[in-house]
1. When each pair of different Cα atoms in region A:1-99 is counted once in the 1/r mean, what is the Kirkwood radius in angstroms, to one decimal?
2. Just tell me how shielded A:103-113 is by partners: mean number of partner chain Cβ atoms within 10 Å of each residue's Cβ, no decimals.
3. Within straight cross-link reach of B:Lys106, meaning Cα distance under 24 Å, which lysines are found once same-chain residues fewer than 8 apart are removed?
4. Using alpha carbons only, how many angstrom separate the centre of region B:1-76 from the centre of region A:4-70?
5. Which of the trypsin sites (Lys or Arg not before Pro) found in region B:11-90 are in a DSSP loop and have at most 14 neighbouring Cβ atoms, other than their own, within 10 Å?
6. Trypsin sites (Lys or Arg not before Pro) within region A:8-38: which are DSSP loop residues with at most 13 other Cβ atoms inside 10 Å?
7. Would you mind getting me the FRET efficiency between A:Ser7 and A:Leu83? Use the beta-carbon distance for r and R0 = 22 Å, nearest 0.05.
8. Average partner chain C-beta neighbours within 10 Å, per residue of B:32-41?
Amino acid sequence: EAGVTQSPTHLIKTRGQQATLRCSPISGHTSVYWYQQALGLGLQFLLWYDEGEERNRGNFPPRFSGRQFPNYSSELNVNALELEDSALYLCASSVGAFSNQPQHFGDGTRLSIL
Amino acid sequence: KNEVEQSPQNLTAQEGEFITINCSYSVGISALHWLQQHPGGGIVSLFMLSSGKKKHGRLIATINIQEKHSSLHITASHPRDSAVYICAVPPDGGSQGNLIFGKGTKLSVKP
């Protein structure tokens, strides 16, 4: 069984640009979660998608957005990039719509803002 | 006060030692997750438990719901166990989809 896959592995952008990160969940998983891990900080919840709908978002500005496609893959878009957006972005998926289900993580996309 | 507190922050052990990492939380939960993050960044889910104890190989996780405390034990530690161990809890009974994470315990096992 293929795990959660994320692309690209690394992404380098400059301030003000836009970034798109992609995630493919494990087959059969309908929920996708996005997390940010900035250097020296813990993991922070960004977004949760289930069955194509945004179900919840963390305490992040609106320039962080995303979507989930009919095949349950997901995109995270970050507009007007700022230096503080440099971080590891992790995607996870689970079989159910509740976070008391095991979450399976991808290897992350490392976003660097110059 | 953080909702999820881990201790210690850093831990150095000799190969073969018994390791204990602690996690305390202040929110009501339905389950607690233990995760392992390797230096490259990838995260592996080790355990999800809501009561009692779970064991997988040399790893044992326990939880005391009344005391709002969980421990992760590693028996006969090995250098390949070197990683950051993170506990996480779903608030609101898991209905909101998100997890609240501890800051992690960085474990280094020396040969």
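1. Hydrodynamic radius (Kirkwood, Cα only) of region A:1-99 equals 13.7 Å.
2. Shielding by partners across A:103-113 averages 3.
3. List returned: B:Lys1, B:Lys53, B:Lys54, B:Lys55, B:Lys68.
4. Taking the Cα centre of region A:4-70 as reference, the centre of region B:1-76 is 25 Å away.
5. B:Arg58
6. A:Arg15
7. Given R0 = 22 Å and the Cβ-Cβ separation, E is 0.40.
8. Across the residues of B:32-41, the mean count of other-chain Cβ atoms within 10 Å is 3.
Any read-out appearing in this document is the output of simple, stated calculations on the displayed coordinates, not a laboratory observation. As the structure is a computational prediction, the values presented were derived from the model and not from experiment. Glycine gets a Cβ as well: all are built from the backbone with ideal geometry, and neighbour counts include every protein chain shown.
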